[in-house]
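Report on the following structure.
Each value in this text was obtained by applying a stated rule to the coordinates, not by laboratory testing. Keep in mind the model is a prediction, meaning the values are calculated, not measured. Heads up, the Cβs are rebuilt from the backbone with ideal geometry, glycines too, and the neighbour counts pull from every protein chain shown.
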Amino acid sequence: MKRVFQTSQGQVFIFPSSGTGAWEAAIVNTLSPGDRVLMFETGHFGTLWQKLALNFGIIVDFVPGDWRHGVPPEAVEARLRDDARKEIKAVMCVHNETSTGVTSRIAEVRQSMDRAGHPALLMVDTISSLGSIDYRHDEWGVDVAIGGSQKGLMLPPGLGFNAVSQKALEASRTARLPRSFWSWTEMVEPNKQGFFPYTPATNLLFGLREAISMLVEEEGLDAVFKRHQRHAEATRAAVNAWGLELVCADPHEYSGSLTAIFLPSGFDEAAFRNVVLEKFNLSLGSGLGKLKGRAFRIGHLGDFNDLMLCGTLCGVEMSLAEFRVPFKKGGVDAVMEYLGGARS
Ligand SMILES: *Cc1c(COP(=O)(O)O)cnc(C)c1O
């Protein structure tokens with residue numbers, strides 16, 4: 001997993017949990033009640049992580065957002081410069097917002113923190129980017145990265161990950177939030193011998209071994225990232241041809257793992273997805289949080305290839321017609337053109 005997180009300095013802890021558990025582990029191992037953190041309303045998952053922090057008595061400076069952009073690096077710098085007494089203990093970002101299809105520029109967030117000369121920890125949710133969008137733990141100076149098994153790692157749900165820097169491990173020695181199940185300290189010694197302080201999700205660990213070998217050894221991470229970018233770009237070619245609007249408003253922040261698409265106003269996303277499901281047995285992603293009713297999502301991550309993408313987009317195009325959405329035909333043609341000309 002160190003290779004997947006692209007870390008050699010850091011340590012990776014594996015919990016038998018969903019991603020939310022790994023979110024919680026990041027907080028309870030590093031923070032104390034009443035600590036201040038900086039978080040961003042990038043979408044549904046940024047909002048949920050904020051709620052989790054509030055539940056632990058953390059004071060969250062929650063920067064509002066329009067759910068169409070990622071974490072603004074310039075806002076990170078401004079907020080940290082304003083914090084003359086260095087009260088902010090962590091900057092917490094979702095790398096890939098699964099609700100919006102927007103990928104935040106974590107390297108630039110790091111640069112902003114460095115320019116502000118601020119000692120806060122950098123924590124990043126990589127649940128829907130890990131193993132599908134380039135994520136560089138050491139190079140970007142991330143202190144805690146949060147991962148889960150059921151997105152780009154192609155496994156069933158049930159493993160939660162924390163990739164942890166030395167600085168974060170040090171912070172965990174003085175952090176005062178109570179913890180037991182999630183404690184990194186309890187993990188360190190048994191992990192050295194390949195053991196865990198309690199029963200791990202053994203069967204998933206065997207699956208993880210296979211996932212890592214597929215991603216890192218057989219295909220290679222760079223090729224995996226390129227394949228995802230290519231499928232994302234092909235999907236956007238279809239969306240453009242249809243004349244529909246992407247949720248992601250900044251081309252620098254397009255997601256490689258999923259694409260969120262607005263339906264024209266007056267067309268309900270949930271009813272549309274029902275048509276697609278009933279007619280083609282194709283399950284699209286729902287509109288989450290503030291995007292409920294307005295946008296649907298196409299996932300193109302994990303074990304996925306050109307034909308699967310073409311099939312998916314055929315199902316969407318036929319359903320747009322069936323649902324009488326005003327759109328232009330030719331999305332699937334644009335995709336075939338793109339995929340035919342841009343061989344991986
Ligand atoms: C799926 C997801 C989560 C939540 O993970 P669970 O495994 O459902 O707890 C958190 N953040 C992001 C970005 C996600 O995609």
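Structure values in brief
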{"quantity": "Cleavage-rule hits, GluC sites (Glu not before Pro), segment 45-102, DSSP coil, Cβ neighbours within 10 Å at most 15", "calculated": "Glu87"}
{"quantity": "Members of Lys151/Lys292; Lys51/Lys329; Lys151/Lys290 lying beyond 31 Å, as alpha-carbon distances in this model show", "calculated": "Lys51/Lys329"}
{"quantity": "Overall form of segment 126-188 per C-alpha gyration tensor (a/c, 1.5; a/b vs b/c)", "calculated": "oblate"}
{"quantity": "Computed lengthening from Val275 to Lys192, 0.36 nm per intervening residue step minus Cα-Cα distance", "calculated": "24.7 nm"}
{"quantity": "Neighbourhood net charge (13 Å Cβ-Cβ; Lys/Arg +1, Asp/Glu -1) for Arg176", "calculated": "+2"}
{"quantity": "Candidate lysines for bridging to Lys192, where Cα separation is under 25 Å - those fewer than 8 sequence places away on the same chain excluded", "calculated": "Lys2, Lys167"}
{"quantity": "Pairwise centroid distance, computed over Cα atoms, of segment 188-233 with segment 1-26, Å", "calculated": "11"}
{"quantity": "Residue-by-residue Karplus 3J(HN,Hα) for segment 64-76, coefficients 6.51, -1.76, 1.60, Hz, glycine and proline x", "calculated": "x, x, 9, 6, 10, 10, x, 5, x, x, 5, 5, 4"}
{"quantity": "Gaussian network model of the chain, springs between alpha carbon atoms under 10 Å - residue of Ile27, Ile59, Ile127 with greatest fluctuation", "calculated": "Ile59"}
{"quantity": "Positive-end extreme of charge dipole, segment 2-215 - chosen from Pro73, Ala163, Trp182 (charges on Cβ)", "calculated": "Trp182"}
{"quantity": "Separation between Cα centres of segment 282-344 and segment 58-100, rounded to whole Å", "calculated": "31"}
{"quantity": "Rg(Cα)/(2.2 N^0.38 Å) for the chain, N = residue count", "calculated": "1.01"}
{"quantity": "Nearest-ten-degree value, helix 19-30 long axis tilted from longest Cα axis of the chain", "calculated": "30"}
{"quantity": "Val94 long-range amide H proximity, modeled H, under 5 Å", "calculated": "Asp125"}
{"quantity": "The chain: most fluctuating residue of Gly131, Gly287, Gly117 per GNM, C-alpha cutoff 10 Å", "calculated": "Gly117"}
{"quantity": "Mean residue ellipticity (222 nm) of the chain, computed from DSSP H runs ≥ 4 via -39,500 (n - 2.57), nearest 500", "calculated": "-12500 deg cm²/dmol"}
{"quantity": "Candidates Ser132, Ser286, Ser99: whichever shows maximal mean-square fluctuation once the chain is modelled as a Gaussian network with Cα springs under 10 Å", "calculated": "Ser286"}
{"quantity": "Residues of segment 319-339 with amide N under 19 Å of the 7 Å Cα→Cβ point at Cys310", "calculated": "319, 329-339"}
{"quantity": "Built amide H within the under 5 Å cut-off of Arg105, gap 5+", "calculated": "Val71"}
{"quantity": "Under the Karplus curve 6.51 cos²θ - 1.76 cosθ + 1.60, θ = phi - 60°, whole-Hz ³J(HN,Hα) for segment 255-266, x wherever Gly or Pro sits", "calculated": "7, x, 9, 7, 10, 9, 10, 6, 8, x, 4, x"}
{"quantity": "Length added when fully stretched, Arg136-Phe62, from 0.36 nm per residue minus Cα-Cα", "calculated": "24.1 nm"}
{"quantity": "Size of electric dipole in the chain: Cβ of Lys, Arg +1 and of Asp, Glu -1, about Cα centre, debye, nearest 20", "calculated": "420"}
{"quantity": "0 to 90° range, to nearest 10: angle between helix 221-242 axis and the chain longest Cα axis", "calculated": "40"}
{"quantity": "Within-11-Å neighbourhood charge of Thr103 [Cβ basis; K, R +1; D, E -1]", "calculated": "-3"}
{"quantity": "Segment 1-118: C-alpha gyration tensor shape, a/c 1.5 cut-off, then a/b vs b/c", "calculated": "rounded"}
